[in-house]
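Just below is one structure, and these are the notes that go with it.
The values are calculated or read from the model by the stated rules, or taken from the named source; none is laboratory data. As the structure is a computational prediction, the values presented were derived from the model and not from experiment. Note that we place each Cβ from the backbone using ideal geometry, even for glycine, and neighbour counts take in every protein chain shown. Ligands, DNA and RNA are stripped out before the accessible areas are found, and what is left, the full protein with its side chains, is counted by its heavy atoms. Shrake-Rupley method; radii C 1.70, N 1.55, O 1.52, S 1.80 Å.
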Amino acid sequence: MTSLPSSVDVVIIGAGAAGLGAAHGLKDSGLSFVVLEARDRAGGRGHTVMAAPDIVFDVGCGWLHSADKNSFVKIAEDLNFEIDRTLPPWRERAYGKAFPQEERADFIRSLDEFYDRAWDAAQTGKDAPADRYLEPGNRWNPMIDAISTYVNGVELDRVSISDMDAYEDTNLNWRVRRGYGALMAAHGAPLPIAFNCAVTLIDHSARRLRIETSQGTLTADKAIVTVPTNLIAEEEIRFQPALPEKVDAAAHLPLGLADKVMIALAEPEALPKDGNLRGATMRTEMGTYHLRPFGQPCIEGFFGGRFARQLEDAGDGAIAAAGIDEIASFLGNDIRRKLKPLRESRWAHDPYARGSYSHALPGHSGERAVLAAPVDGRLFFAGEATSPNFFSTAHGARDSGERAAREVLGAIAR
């Protein structure tokens, strides 16, 4: 635990993946720096808990997306975190009769055709909301929208096709056996982080920056701001003088919502390891279920978009209750007595996140570059929302932090 210094060369705001990337980027620079973190832990939207003695649960991000280009893979190897390369349960690993193979094939075909139409449209250079490229009257449209709530955190009417097109997905997705959040915490362990230290104001009116926090004030030559867009848009952290273009850019890159629930499973042998359960529900308000992740005795449920927000707003336990009801509708009422809620995420209600990951509103995909741009060689910006191609991911956030650290060093060299 680092106490708050009165003065440093560089202050980094936020100890999520971006803040950790920035700190590691400055580690051998000879500059004095500190990371200010409002929570009592590192990792931000990456957080691993033991939901039960034998069940690891990533409450936040859980997948090493685009694993062949994911900088956390090497970090995991260096820190001796085992990487699980099992195929994700999304497309091929269907279980049960809730979604028969023939129906699934038809759905996947419709989903792929939707993505092809949206991609073609994006090549014209004209942005538009993604829902415009749903085939009118296609019976799978509500479920295609549900997939968007898992991928983007929102329904397709709020997604920019230019932004969708910019995202780089190499279709290789691995996992960290001990948890992605646990890996981030280990990555942050050697760094000077002041916890329980919420920043409220960045005053850049004088030669040195003055940073007001819940633990007092410090001064710095430069700052790297890595907080989620919703906190900048809602001016939880204020800039003095104001930075309206940053607030505006952040407002056009809001965080969508993806929530998870971990449910313990008695008699797990009856279900396959790393299977996928979802039904041909024909509605957007649906969950998708990962059966026995890592072979653990549990089911992990996933909910997104407006439905996730509605469940969060209904209070603690509502996500688990919805999950158990839906699983029982697929596998029969007998399964209820074998299911016990352990833990659920509620990212919209987390005061330091207020959502899960960013999406660009239609017409605003260019705002990622606006948010990332430094201000007068002293204020630098990082975070998943500033990543041009890997936004909404932990490695996109980490790499953006490293980029901001390079910008700081470049500014000093000048």
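Annotations for the structure displayed:
- From L331, L361, L379, residue being touching a residue at least 24 places away in the same chain (Cβ under 8 Å) and touching a strand residue (DSSP E or B) at 6+ places or on another chain (Cβ under 6 Å): L379
- Residue under evaluation I147, criteria (1) open to solvent by less than 40 Å² (accessible area, probe 1.4 Å); (2) on the phi > 0 side of the Ramachandran plot, criterion not met: (2)
- Condition broken by A258, with the remaining ones in (1) over 20 Å from the mean Cα position of the chain (by Cα); (2) surrounded by 23 or more Cβ atoms within 10 Å (Cβ to Cβ); (3) among the small types (G, A, S) satisfied: (1)
- Taken over the stretch 187-237, the criterion of being within 25 Å of the chain's Cα centre (by Cα), open to solvent by 50 Å² or more (accessible area, probe 1.4 Å) and not hydrophobic (A, V, I, L, M, F, W, C) is satisfied by P190, N196, T200, E234, E235, E236.
- Number of the condition not met by N276 [criteria: (1) modelled with pLDDT of 95 or more; (2) open to solvent by less than 20 Å² (accessible area, probe 1.4 Å); (3) within 24 Å of N173 (Cβ to Cβ); (4) under 24 Å from the mean Cα position of the chain (by Cα)]: (1)
- Inside the stretch 382-399, residues that are assigned to a loop (DSSP other than H, G, I, E, B) and either in contact with a strand residue (DSSP E or B) (Cβ under 7 Å, 6 or more places away or on another chain) or under 13 Å from P228 (Cα atoms) (or both) make up a count of 6.
- Residue in the stretch 161-170 that is farther than 30 Å from A23 by Cα and either among the basic types (K, R) or in contact (Cβ under 8 Å) with a residue 60 or more places away in the chain (or both) present: yes
- Looking across R343, R309, one residue alone is in contact with a strand residue (DSSP E or B) (Cβ under 8 Å, 6 or more places away or on another chain), among the basic types (K, R) and open to solvent by 30 Å² or more (accessible area, probe 1.4 Å). It is R343.
- Scanning the stretch 106-144 for residues that are open to solvent by less than 40 Å² (accessible area, probe 1.4 Å) and of a type in the set (V, I, T), we see that the one that is modelled with the lowest pLDDT is I108.
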